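Comments concern the structure below.
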Amino acid sequence: MDSQPHAVDLQERLRPRIQPRPLNQALYARAQQEGLSELQARILAGRLDDYRGELAPLISPSLRHLAHPERLADGRRAAERIAQAVAEGEHIGILTDYDVDGITSHVVIRRTLHELFGVPEAKLHSLIGHRIHDGYGISLPLVERTLSLAPRPSLVITADCGSSDEPRIARLAAEGVEVVVTDHHALPQEGPPASAYATVNPTRDDCDYPDPTIAGCMVAWLTMSLTRGVLIDWGVLPEATPKLSPWLSYVALGTVADCVSLGGSPANRAVVSHGLILINRLEAACWRTMAARLGPDSLPFDAETLAFQMGPRINARSRLDDPYAALHFMLAADDATAARHLETLDQDNQSRKAIEAEMTEQAKALARAPLAEDAPALVIFLEQGHAGVQGIVASRLVQAYGRPTLVLTPAAAPGMLTGSGRSIEGLHLRDALQRAHELAPEALPRFGGHRGAAGVGVPRERLDAFRRAVLTAVAEQLGGAELYPRVLTDGELSPEQLSLTTLETLEALGPYGREFEAPLFEGDFLVESLRPVGADGSHLMMELSLGRMSRRAIWFRALTPGELPAFGLGDRLRCAYKLNRNRWKGRESLQLMVEHAEPLSARVS
């Protein structure tokens, strides 16, 4: 008899709530004083809660705002070791992570060494771990593969990994292979890996680089840029050697796909803005074939194209199989080769979507019990889950329940589980895992990551201890904060602001991404028409009116296939929506992209 009220209470606690973003009032006033419109000031003030720097580097991103790579701790030492390897004709291993950040880092390093520094292809060795068989970072299988190469590289350059891999780096060093680490993940408490020849990582306590949020591909780009300078100083390369600027197209993709901050980070905003200009020139086969695949209405590419079209396709390969097809796609010299590899990535992405949907449903079922107990975090173990989709499933649960989530599956190593976590605003996930390690070190022998995302290795027999430690660590950091799914908006727009002119005003503040999310507005609309669309009828096409203004709207995944909407013609809806430029056969119009909606009659205040 008591279960139904309890279920209703749980349902209410997990109801997404549309809320306006709190504004940084000082920044809101300053932005308008410096000439921004009220709406632009509102967008900035809702995203930069503690920003006190100059606005120009954020609203007019430029490469002139990049700090010199000499300011990276160990940057000069790393560059001189790489330059020595180039000058003396050494064999060089390029060891990177398998995600988009790692793949784009790999492209930057390999193209620089070969095309700019003249290192023969035969002396370059691509070393990318297999997510399932090898695991993240400088794994032991990857070390053994490196040592079995003939001829063996005398130098290994890492990117987007290595900071937490001292035991494996020591193994390489003992065999005479020196390792230069370039990475951006948080360092372990004991500091940089002692056996590495150099560790270039902007999160180092002794690093003077002003922006610790840059992606791994950016650290690799800065390190190779510094190496170019060293080789010119030594007389190995002529002063006319081209700079690495064209490779910022890859850095832009890796930066967006790795979800690093695009908020108070002039460096990230600059490289994404400049990189998009380069990408939209379509000079590389990978960009041309992607544009052909997405169709002419997809151009020009923006940060959302990188985040939701290119990134998932490249990531899908490493999630399900060996990642080299993604590397070959990015490096393809001609359109036919790029198109062949893109077809593989596309097929993998479709498979990934099906696996993700099934795992998400299983994870949501397992989440019911801890949610009923109002647990501050979710630690979900999927016995039959696919390790390559853990992070996406964790993101889906964070979105659905407003709680930090870790999703674990069996690892390749017997008796071990591997997991990926995603965080919420207000929780530093890597710090929470450090605390969990202190509480139960035997339950968390390996972990790494940053504020928003992390990876873990957990002994299967210690799963319960791991879960308890994580819940304690998260509760300590969050205090008594009420947790529920939040739909944060930038307030309301007037009927007159529902226009392409307003959209252009908003686009001028781009690029948008993590910690500088695309503008989302709220408003009460009248439903003038609606019809399910899509192959399975899960999307809703609507005509919504606000005052005298009427606009077409699309709400993706609004319905479970076969069900009817909970509202009809003439009803009023409270919507959270984005402004979207709809291109069709060369013509443009404004449409609303509904992210969340609820009938006003059913809404609980």
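Take every Cα pair under 8 Å in the chain that's 6+ residues apart, average their separations, divide by the length, and report that relative contact order as a whole percent.
12 percent
What do you get for Rg/Rh over region 473-524 if you use C-alpha atoms and the Kirkwood form of Rh?
1.15
Binning every alpha carbon pair distance of region 273-409 at 5 Å from zero, what are the percents per bin?
Calculated P(r), rounded to whole percents: 2, 10, 18, 17, 14, 12, 11, 8, 5, 2, 1, 0.
Of the DSSP beta bridges with both residues in region 374-484, give the percent that are antiparallel, rounding to the nearest 5.
Antiparallel: roughly 80 percent of the beta bridges in region 374-484.
If I take every Cα pair under 8 Å that is 6 or more residues apart in region 374-484, average their sequence separation and divide by the length, what percent do I get for the relative contact order?
Reported relative contact order: 25 percent.
Note down the net charge around Leu478, summing +1 for each Lys or Arg and -1 for each Asp or Glu among other residues with Cβ under 11 Å from its Cβ.
Computed value for this residue: -2.
Which value results for Rg/Rh of region 63-251 when Rg is the Cα radius of gyration and Rh the Kirkwood radius based on the inverse mean 1/r?
My calculation of the ratio gives 0.93.
Taking the Cα centroid of region 110-150 and of region 43-75, what is the distance between the two, rounded to the nearest whole Å?
Result: 33 Å between the Cα centres.
Quick one: helix 285-294 against the long Cα principal axis of the chain, what's the angle to the nearest 10°, folded into 0 to 90?
Between helix and principal axis, roughly 20 degrees.
Placing +1 at every Lys and Arg Cβ and -1 at every Asp and Glu Cβ, with all other atoms neutral, what dipole size does the chain have around its Cα centre, in debye to the nearest 20?
The dipole of the chain has a size of about 780 debye.
Would you mind getting me the FRET efficiency between Arg71 and Lys243? Use the beta-carbon distance for r and R0 = 25 Å, nearest 0.05.
It comes out at approximately 0.90.
Given a cut-off of 17 Å, what percent of all Cα-Cα pairs of region 506-599 lie beyond it?
Of all Cα-Cα distances in region 506-599, 53 percent exceed 17 Å.
Between Asp334 and Lys123, how high is the FRET efficiency from 1/(1 + (r/R0)^6) when r is the Cβ-Cβ distance and R₀ = 25 Å? Nearest 0.05.
Between Asp334 and Lys123 the formula returns 0.55.
Based on the Cα coordinates of region 361-427, what is the per residue volume of their convex hull in Å³?
Taking the convex hull of the Cα positions in region 361-427, it is 85 Å³ per residue.
Using the alpha-carbon atoms, what tilt in degrees (0 to 90, nearest 10) does helix 463-478 show relative to the longest principal axis of the chain?
Long axis of 463-478 versus the principal axis of the chain: about 70 degrees.
If packing is taken as the average number of other Cβ atoms within 10 Å across a peptide's residues, how do 499-506, 219-226 rank, most packed first?
219-226, 499-506
What's the local net charge at Pro511, with K and R +1, D and E -1, over the other residues with C-beta under 13 Å away?
Charge balance near Pro511 sits at -2.
Of all DSSP beta bridges in the chain, what percent run antiparallel (nearest 5)?
In the chain, DSSP labels about 65 percent of beta bridges as antiparallel.
What FRET efficiency would be calculated for the residue pair Arg531, Ala372, taking the C-beta separation as r and a Förster radius of 41 Å, to the nearest 0.05?
Calculated value: 0.65.
Counting only C-alpha contacts under 8 Å and six or more residues apart, can you give the relative contact order of region 499-605 as a whole percent?
26 percent
Can you order the peptides 250-258, 369-377, 420-428 by their average number of other Cβ atoms within 10 Å per residue, highest first?
250-258, 420-428, 369-377
Mark the label point 7 Å from the Cα of Gln189 along Cα→Cβ and return the residues of region 435-452 whose backbone N is within less than 17 Å of it.
Flagged as within label range: 435-449.
Helix 390-401 versus the longest principal axis of the chain: what is the Cα-based angle in degrees, 0 to 90, to the nearest 10?
It works out to around 30 degrees.
Radius of gyration and Dmax for region 45-135's Cα atoms, expressed in Å?
Taking only Cα atoms of region 45-135, I get Rg and Dmax of 18.1, 53 Å.
What is the distance in Å between the Cα centres of region 328-345 and region 547-605?
So the separation of the two Cα centres works out to 37 Å.
Using only the Cα atoms of region 1-106, what are the Rg and Dmax in Å?
25.0, 79
Along the Cα-to-C-beta direction of Glu563, a point sits 7 Å from the Cα; which residues of region 513-542 have their amide N less than 19 Å from that point?
Only 530-542 fall inside the zone, counting backbone N under 19 Å.
Take the alpha carbon atoms of region 367-444, find their center, do the same for region 249-284, and report the distance between the two centers in whole angstrom.
29 Å
Assuming 0.36 nm per residue, please report the length gained on full extension of the stretch Gln309 to Glu383 beyond their Cα-Cα distance.
Length gained between Gln309 and Glu383: 23.7 nm.
Expressed as cubic angstrom per residue, what is the convex hull volume of the alpha carbon set of region 352-395?
Looking at region 352-395, the number lands at 65 Å³ per residue.
At q = 0.17, 0.22 Å⁻¹, what log₁₀ I(q)/I(0) does a Debye calculation on the Cα points of region 374-484 give, no solvent, two decimals?
Here log10 of I(q) over I(0) equals -0.69, -1.20.
If I take the Cα coordinates of the chain and project them onto the principal axes, what are the three extents in Å, biggest first?
Between the extreme Cα coordinates on each principal axis of the chain lie 76, 56, 49 Å.
Per DSSP H run of at least 4 residues, take -39500 (n - 2.57); add these up for the chain, divide by its residues and hand me the 222 nm value, nearest 500 deg cm²/dmol.
-12000 deg cm²/dmol
First select every other residue whose beta carbon is under 15 angstrom from the beta carbon of Glu563; then total the charges, Lys and Arg +1, Asp and Glu -1.
Cβ neighbours under 15 Å give a net charge of +1.
Rule-based calculations on the coordinates, nothing more; no lab input. All values reported here derive from a predicted model rather than from experimental measurement. Please note: Cβ atoms are built from the backbone with ideal geometry, for glycine as well, and neighbour counts cover all protein chains shown.
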